[in-house]
Amino acid sequence: MDILKEMSIKEKMYQALAIICFVLNALVSVTMMVFILDMVNSIVTGSGLFAGLSAYWISLIAMLILKGILKTVADLAKHNVGFEITGRIREKITLRLKRFSLGFYSRERLGEISTIIHKDVDNIESIVAHLWSRMISDFIVSLIIGIGLCMINIKLGLAMISLLPVAIAVLIHGIKKNSILQKDSQDDLANMVSLFVEYSKGIPLLKAFNKSTIFESNLKTSAIQFGDSSKNKAKSIAGYIGRYAVLMELCLAVLVITGAVMLLNNTIDLSQYLIFIIVSKEFYKPFSNLEGYWTHYIVAKDSYNRIMTILKAETIRNPQEPQIPKTFEILFENASFAYEENEFELKNVNVEMKEGELAALVGPSGSGKTTITNLLLRFYDLNSGHIKIGGVDIKDMDYNDLLDNISIVMQNVILFADSIYENIKVGNKNATKQEVIEAAKKAMIHDFIMTLPDGYDTVVGENGAGLSGGQKQRISIARAFLKDAPIVILDEATSNVDPINERKIQIAISNLAKGRTLIVIAHHLQTIRSADQILVFNEGRIVERGKYDELIAKEGLFRMLWDAQKQAKEWLLCS
């Protein structure tokens with residue numbers, strides 16, 4: 001299996017150690033059975049390996065201790081391999097998720113990604129830590145026992161394996177038929193999990209529109225579909241496993257009957273017969289578990305293929321010799337981009353943003369404002385044209401360096417279910433406590449944090465549950481201060497907050513803008529009066545540009561947007 005490529009030499013050595021210990025453990029068990037038979041024979045006939053029973057007891061106790069040691073070492077070794085490799089796979093996935101374009105996330109649903117990270121990686125752990133060491137050791141033990149028993153009596157040995165080829169052929173046929181049903185079941189599971197994730201996130205909306213049952217109906221349909229595919233898979237398994245089990249039982253029956261006939265004919269003695277009957281249990285063990293091994297393999301193979309869809313998916317490429325800009329002016333040259341064919345298109349955009357200036361992007365919804373910032377961050381790559389920072393094309397920069405030079409304060413702030421301190425520290429993982437506090441003070445959020453019961457150690461809920469929109473915005477601004485990047489993208493943070501928070505956020509943004517290149521996606525046009533340049537977008541094109549007063553005087557799209565906002569504000573005041 002390709003998962004072997006993910007294992008280091010050290011992990012392969014641990015896996016080999018686990019296999020050796022399990023083999024020795026099983027062989028010691030077989031030796032104990034033989035010793036017990038010999039002890040009984042010694043008691044009955046007076047002849048055995050040892051003259052007295054005490055030697056048998058000491059030997060059996062020693063073997064029990066040895067078994068305990070071998071099993072402990074094997075378990076430690078196999079779990080060490082499993083946890084190491086799954087931890088590394090999860091780390092690879094996590095790091096890779098940061099390097100995908102947003103286009104990847106539009107194609108892949110979060111529920112499917114969550115299933116891969118948790119369930120599929122756990123399946124790999126179960127294969128590496130539990131299945132491989134046990135399966136390989138069982139077959140090695142079976143081979144050793146089979147050779148040993150055949151050396152004792154070849155006829156009984158052939159009787160022992162007589163129906164094995166037929167049983168294995170039946171199992172292989174059933175497995176091939178079931179593999180398609182297994183894939184269908186896994187796909188239905190991923191679909192159901194994705195819908196459950198969407199349902200959980202959309203609970204507030206579904207409560208508000210509680211008469212709409214479309215989503216619940218889709219969720220119910222997906223659950224029924226998963227149940228049906230699981231039942232079909234279970235029926236298929238039950239059918240061929242039943243036939244395989246019968247054939248395995250017949251194998252043992254052939255051995256028992258053949259041995260009994262030979263015993264009656266005095267061609268073997270009782271001790272040989274008993275050794276075959278008792279020890280054959282260990283010989284048949286891996287064959288009895290063969291279906292389970294294969295089922296786990298199919299599940300793991302499917303999980304591994306799904307993991308590879310992430311680990312092998314195309315990421316944002318880094319240049320072989322990355323360049324580092326020395327200044328931070330921004331230039332868009334004939335930049336064109338489309339998300340999909342025959343959909344929204346950004347057409348031949350040319351923009352120059354000087355270092356340290358404030359550039360505002362305005363326009364109707366869907367006109368291209370957010371697309372510009374997404375392209376600057378390389379969430380997507382241009383279809384044609386160039387984006388440069390300090391004269392360096394962003395495709396020629398190391399992607400991490402590019403992101404290190406840009407801070408983002410978005411309208412919809414993402415906070416994690418962690419302390420306020422850790423949420424601010426996202427801006428700079430190496431920051432000291434004092435630097436976090438200074439960033440919070442500049443963001444006008446420190447005083448509020450100090451009123452909380454645990455101050456900076458106060459834990460907030462997922463996405464900042466328990467905090468107002470303005471408080472979350474100021475925490476986001478504190479992150480930007482802590483990152484101290486020369487370029488700041490601001491999706492206007494004051495659009496959905498109360499007047500008090502709006503004033504504090506405006507002060508925080510003014511502090512943040514000093515000495516930085518600031519790009520503002522503006523919703524409230526009165527907040528960009530001091531912008532060095534305003535870029536007015538419409539249907540993917542820049543239709544106007546200039547300063548605030550110049551655009552008001554032109555009486556173009558900007559003036560129309562400004563008048564519409566003014567009228568809306570007056571209507572709200574009068575209503």
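Bear in mind these aren't lab numbers, they're just calculated from the coordinates by the rules spelled out. Because the structure is a prediction, the values reported are computed rather than measured. FYI the Cβ positions are ideal-geometry reconstructions off the backbone, even for glycines, and counts take in every protein chain you see.
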How long are the semi-axes of the equivalent ellipsoid of segment 223-279, taking √(5λ) for every eigenvalue λ of the Cα gyration tensor, in whole Å from largest down? 43, 10, 4
Under 25 Å Cα-Cα from Lys554, which lysines qualify once same-chain neighbours fewer than 8 residues away are excluded? Lys347, Lys354, Lys369, Lys566, Lys569
Using the Karplus curve 6.51 cos²θ - 1.76 cosθ + 1.60 with θ = phi - 60°, what ³J(HN,Hα) values do you get for each residue of segment 38-44, in whole Hz, with x for Gly and Pro? 5, 5, 4, 4, 5, 5, 6
Please work out the ratio of the alpha-carbon Rg of the chain to 2.2 N^0.38 Å and round it to two decimals. 1.42
Amide H to amide H, which residues 5 or more places from Asn538 or on other chains are under 5 Å from it, using H placed in the peptide plane? Val543
Hey, can you rank 139-146, 477-484 by average C-beta count inside 10 Å, highest first? 477-484, 139-146
Among the lysines, which have Cα under 30 Å from the Cα of Lys281 when same-chain residues fewer than 8 positions away are ignored? Lys12, Lys67, Lys71, Lys78, Lys155, Lys176, Lys177, Lys233, Lys235, Lys301
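Sequence gap at least 6, Cα distance under 8 Å: using those rules, report the relative contact order of the chain to the nearest whole percent.
It comes to 13 percent, rounded to a whole number.
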Cβ density ranking, 10 Å radius, fewest first, applied to Thr517, Thr94, Thr315 yields Thr94, Thr315, Thr517
Fewest to most neighbouring Cβ within 10 Å: what's the order for Met151, Met32, Met248? Met151, Met32, Met248
The simple spin-label model distance between Phe50 and Asp404, using points 7 Å out along Cα→Cβ, in nm, is 6.9
Semi-axis lengths (Å, descending) of the ellipsoid that matches the C-alpha gyration tensor of segment 338-488: 33, 18, 13
Taking a straight Cα-to-Cα line shorter than 17 Å from Lys442, and setting aside same-chain lysines fewer than 8 residues away, one finds Lys425, Lys433, Lys472, Lys483, Lys504, Lys514
Per the charge dipole of the chain (beta-carbon charges, Lys/Arg positive, Asp/Glu negative, Cα centre), the residue among Gly466, Leu535, Ser336 reaching farthest to the positive end is Gly466
Can you work out the base-10 log of I(q)/I(0) for segment 222-381 at q = 0.09, 0.10, 0.13 1/Å, using the Debye formula on its C-alpha atoms alone? -0.66, -0.71, -0.90
